[in-house]
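Okay, so here's the structure we're looking at.
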Amino acid sequence: MTTLTTPDERARDTEQKLTDDERFSLIISLLGPASIVPRDPRIPADVKNVSAGYTSGIPRLGIPALQSSDASMGVTNPGYRPDDKGATAFPASILVGSSFNPQLARKGGVAIAREARIRGFNIMLAGGMNLARDVRNGRNYEYYSEDPWVSAVMGAEAVNGIQSQSVISTLKHYTLNCNETNRHWLDAIIDPAAHRESDLLAFQIAIERSQPGSIMSGYNKINGVYASGDPHLLNDVLKGAWGYKGYVMSDWGAVPDWDYAFRGLDQESGIQLDVKQWGAEAFTDRLKAAYSDGKFPKERLSDMVRRILRSVYAVGIDKWGPAPAVDMTRHNEIALEIARQGIVLLKNDGALPLATDRPLKIAVIGGYVQQGVISGTGSGAVSPVGGFAGVIKIGGAGIMGGLRNLFLFPPSPLDALKNALPQAEIDFDPGYTPAEAALTAKRSDVVIAFGIRVEGEGFDLPDLSLPWGQDAVIDAVASANPNTIVVLETGNPVSMPWCDKVKAIVQAWYPGQAGGQAIAEILAGRVNPSGRLPITFPASLAQTPRPELSGLGTPWGTPTTVRYDEGAEVGYRWYAQKNIKPLYAFGHGLSYTTFSYSDLKVSGGETVTATFTVTNTGKIAGADVPQVYLTDAPDRKRMRLLGFERVELAPGVSRSITITAEPRLLAQFDGVAGRWRIAGGSYRIALGRSTENLPLNAAAQLEPRVFGE
Ligand code: GLC
């Protein structure tokens with residue numbers, strides 16, 4: 001008897017032993033009982049840890065039930081498990097992206113996976129990594145960046161962290177799921193070669209660096225074809241050109257037609273939603289009929305099952321021993337570490353850090369900060385241990401309207417500020433009216449005004465403004481007291497009409513359950529901020545590729561077409577191409593110390609290698625994120641982030657850094673040949689601290705070559 005070793009061999013061997021009914025049972029998952037569907041009788045009554053997806057196992061062959069949960073910010077529980085005491089609510093992925101620290105993404109992934117394991121979840125629907133193409137996209141908080149390299153590197157490490165705990169992770173949503181407006185009826189139009197150089201390149205690199213057990217296909221169409229049934233993107237690109245060996249699961253309610261198995265989909269998720277949404281038992285009954293009529297070939301059914309089994313074996317969810325113990329105190333520390341590193345200091349005219357050696361009179365205004373920090377909404381929202389400090393229902397159209405709430409995580413920033421500034425006399429004003437807030441501001445030495453905006457799945461923002469009249473409140477307090485600091489808790493860039501009136505601006509994103517503490521530590525100078533923007537802040541929507549978002553505001557269910565005519569020129573790439581100066585640039589973030597760059601040397605050949613020295617020229621320790629960019633090329637002028645590295649330095653210390661660029665970032669994709677092409681010649685390389693601050697540059701000679709797929 002030969003011992004089967006590789007996941008491929010084991011999958012092939014097991015698949016041959018299955019009955020057809022067992023095969024069909026593996027290619028679907030059932031949504032657990034939640035607000036939108038009752039408990040499905042096909043989920044055994046003794047299964048308590050239900051959540052997003054349940055696929056029955058095959059005990060006789062050692063195949064466990066496949067139980068999936070959301071996701072990137074922690075183990076969610078929007079009502080599936082009333083007895084669940086709550087999970088660690090980690091910061092939003094956009095904040096993880098702001099840390100530019102892949103190892104931190106990995107650390108968060110490990111912790112999330114451990115909290116999944118003790119609940120019996122062996123699949124995490126994590127790895128949300130769509131590019132932040134549109135600053136109105138309600139789900140950008142669940143993604144890392146506007147840049148393919150940042151998104152790929154961060155997404156891959158999050159997946160590696162999760163899968164290191166023998167929990168399968170997805171990467172999602174494949175692909176171009178970059179707006180929420182009528183997402184099930186949205187057709188994303190893009191030039192195919194540009195698609196390969198942007199969103200697809202992000203997935204391609206992330207897959208190479210993490211081998212996710214599954215890829216989740218998104219709701220939208222791409223160039224007229226639904227993502228879950230697109231043979232070109234699923235078979236030709238993902239499984240063909242890239243050689244992906246895992247399985248493609250659909251998003252929940254993303255399979256409008258039963259024959260998607262023929263087009264590359266391997267598992268239909270939450271099948272009750274397809275029945276609800278599209279009116280057909282999309283996969284099983286009709287596929288079985290086609291199978292018995294000989295129209296659905298056995299080989300394809302076996303391939304679907306083998307892919308699923310291969311991931312089961314590759315990640316080891318069939319070999320679980322006792323779940324590793326979970327240290328929730330340690331997980332809170334990780335959530336705090338992430339928040340500390342991902343909060344971005346956008347502006348500081350000397351107002352920060354606050355003086356802690358004298359009794360300041362501080363007005364803290366708005367943002368419900370007497371209760372907690374806010375979170376994003378939708379399937380990724382986490383219910384923290386001990387529950388929310390407050391929940392205010394907001395509502396809205398579509399199936400995600402019921403999950404659109406102002407969630408507040410304790411501890412409150414107000415309490416955290418009182419702890420961090422014991423000498424200060426702190427007044428809280430709810431920011432209920434501009435006039436009332438201005439009176440509080442007027443009698444204070446310093447004002448800390450919070451601006452919050454709830455964003456989430458199923459909704460795009462109509463514009464960049466803060467809701468509930470907060471811009472007027474901030475303007476009023478800044479007029480009453482110029483010593484005003486603004487702290488934002490949003491999932492996207494916002495417009496800042498009061499920007500010139502305030503002394504400092506901090507972007508705290510959705511900082512997770514330890515966010516209140518991290519905000520207070522940064523304001524009080526106990527933590528030196530080091531976050532950098534992974535998404536450009538435009539001065540207005542007029543600067544963006546789509547000032548008007550087609551379909552925005554149309555009734556849920558209206559077919560919508562969004563043309564991503566910027567192609568691969570997403571975010572900073574667009575601003576560089578159009579020579580537009582944004583409000584705050586990609587890569588921007590201030591520190592309480594200063595850094596200098598020197599000795600930039602670049603070499604060419606097959607790719608670009610840059611070496612340089614970073615020095616902390618200030619008086620306190622801090623972290624910097626030097627960035628290396630392509631700023632011009634012989635074939636077409638374009639800007640591309642080629643690499644970055646987060647480096648922590650004590651005062652006066654220097655560090656030499658070497659960054660070697662992923663060659664596909666320097667290349668253009670030849671859609672006809674299906675290959676990457678680097679033109680020979682001189683490439684302009686720049687080193688700096690944002691796309692608008694590039695003090696050093698040099699040229700590298702690259703050899704012409706055609707490579708890869
Ligand atoms: C949701 C989301 C997806 C999530 C899935 C399961 O609608 O689009 O990201 O993982 O359904 O909740």
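A few notes on this one:
- Pairs of C-alpha atoms in segment 427-478 farther apart than 19 Å represent 32 percent of all such pairs.
- Annotation: segment 447-523 has a Kirkwood hydrodynamic radius of 13.0 angstrom, from the mean reciprocal C-alpha pair distance.
- Residues with amide H under 5 Å from that of VAL364, placed H, sequence gap 5 or more: ASP427, PHE428, ASP429, ILE448
- Surface exposure of segment 458-561, expressed per residue as accessible area with a 1.4 Å probe, stands at 29 Å².
- Per-residue Karplus couplings for segment 14-27, computed as 6.51 cos²θ - 1.76 cosθ + 1.60 with θ equal to phi - 60°, are listed in order as 5, 4, 5, 8, 7, 7, 4, 4, 5, 4, 5, 5, 7, 9 Hz, Gly and Pro entered as x.
- Segment 263-305 shape via C-alpha gyration tensor axes, a/c threshold 1.5: oblate
- Under 5 Å, built H, 5+ apart or other chain: amide partners of ASN122: GLN67
- Protection proxy ranking, peptides 33-40, 603-610, average beta carbon neighbours within 10 Å, highest first: 603-610, 33-40
- Report note on the peptides 160-172, 265-277, 489-501, 317-329: ranked by the mean count of other C-beta atoms within 10 Å, highest first, their order is 160-172, 265-277, 489-501, 317-329.
- Evaluated with a Cβ-only charge set (Lys, Arg +1; Asp, Glu -1), segment 88-232 carries a dipole of roughly 540 debye about its Cα centre, given to the nearest 20.
- With Rh defined as the Kirkwood radius, the inverse of the mean 1/r over Cα pairs, the Rg/Rh of the chain is 0.97.
- Heavy-atom accessible surface of segment 593-707, averaged per residue, reaches 41 Å², computed with a 1.4 Å probe.
- ASP460 long-range amide H proximity, modeled H, under 5 Å: GLY138, GLU180, THR181
- Solvent-accessible area assigned to carbon and sulfur over the chain amounts to 52 percent, based on a 1.4 Å probe.
- Translational D in µm²/s for segment 593-707 (Stokes-Einstein at 20 °C, 1.002 mPa s, Kirkwood Rh from C-alpha pairs): 146 µm²/s
- Scalar couplings 3J(HN,Hα) for segment 253-266, obtained by applying the Karplus form with A = 6.51, B = -1.76, C = 1.60 to θ = phi - 60°, are x, 10, 10, x, 9, 6, 8, 5, 5, 6, 9, x, 6, 9 Hz; x denotes Gly and Pro.
- Estimated vicinal HN-Hα couplings, Hz - segment 488-493 in sequence order (Karplus 6.51, -1.76, 1.60; Gly, Pro = x): 9, 10, 9, x, 8, x
- Rounded D (µm²/s) - segment 300-359, Kirkwood Rh over Cα pairs, Stokes-Einstein at 10 °C, 1.306 mPa s: 93 µm²/s
- Per-q log10 I(q)/I(0), segment 7-319, q = 0.09 Å⁻¹ (Debye; single scatterer per alpha-carbon; no solvent): -0.40
- DSSP bridge pairs, segment 340-542: antiparallel proportion in percent, nearest 5: 35 percent
- Helical content alone sets the calculated 222 nm signal of the chain at -7000 deg cm²/dmol, taking -39,500 (n - 2.57) per DSSP H segment of four or more residues and averaging over every residue.
- Spatial separation of Cα centroids for segment 165-217 and segment 106-150, in angstrom: 12 Å
- Reducing segment 465-519 and segment 327-396 to their Cα centroids gives an inter-centroid distance of 12 Å.
- The fraction of Cα-Cα pairs per 5 angstrom bin, counted from 0 for segment 196-276, comes to 3, 16, 27, 27, 16, 8, 2, 0 percent, rounded to whole percents.
- Gyration tensor verdict on segment 373-488 (Cα atoms; rounded if a/c is under 1.5, prolate if a/b is larger than b/c, oblate otherwise): oblate
- Along principal axes, Cα extents of segment 470-606, largest first, whole Å: 53, 48, 31
- Accessible surface calculations at 1.4 Å, restricted to protein heavy atoms, place segment 7-319 at 27 Å² per residue.
- Principal semi-axes of the equivalent ellipsoid, √(5λ) from the alpha carbon gyration tensor of segment 141-224, are 23, 14, 11 Å from largest down.
- For segment 32-58 versus segment 570-594, the gap between their alpha-carbon centres in whole angstrom: 46 Å
- Kirkwood Rh, angstrom, segment 1-114 [1 / mean 1/r, Cα pairs]: 16.9 Å
- For segment 226-342, a Kirkwood radius taken over Cα pairs fed into Stokes-Einstein (25 °C, viscosity 0.890 mPa s) yields D = 147 µm²/s.
- As a size descriptor, the averaged projected area of the C-alpha convex hull of segment 340-542 was calculated at 10.9 nm².
The values are calculated or read from the model by the stated rules, or taken from the named source; none is laboratory data. Bear in mind that the values here come from a model prediction, so they are computed numbers and not experimental data. Heads up, the Cβs are rebuilt from the backbone with ideal geometry, glycines too, and the neighbour counts pull from every protein chain shown. We work out accessible area using only protein heavy atoms, side chains counted, and drop any ligands, DNA or RNA first. Shrake-Rupley method; radii C 1.70, N 1.55, O 1.52, S 1.80 Å.
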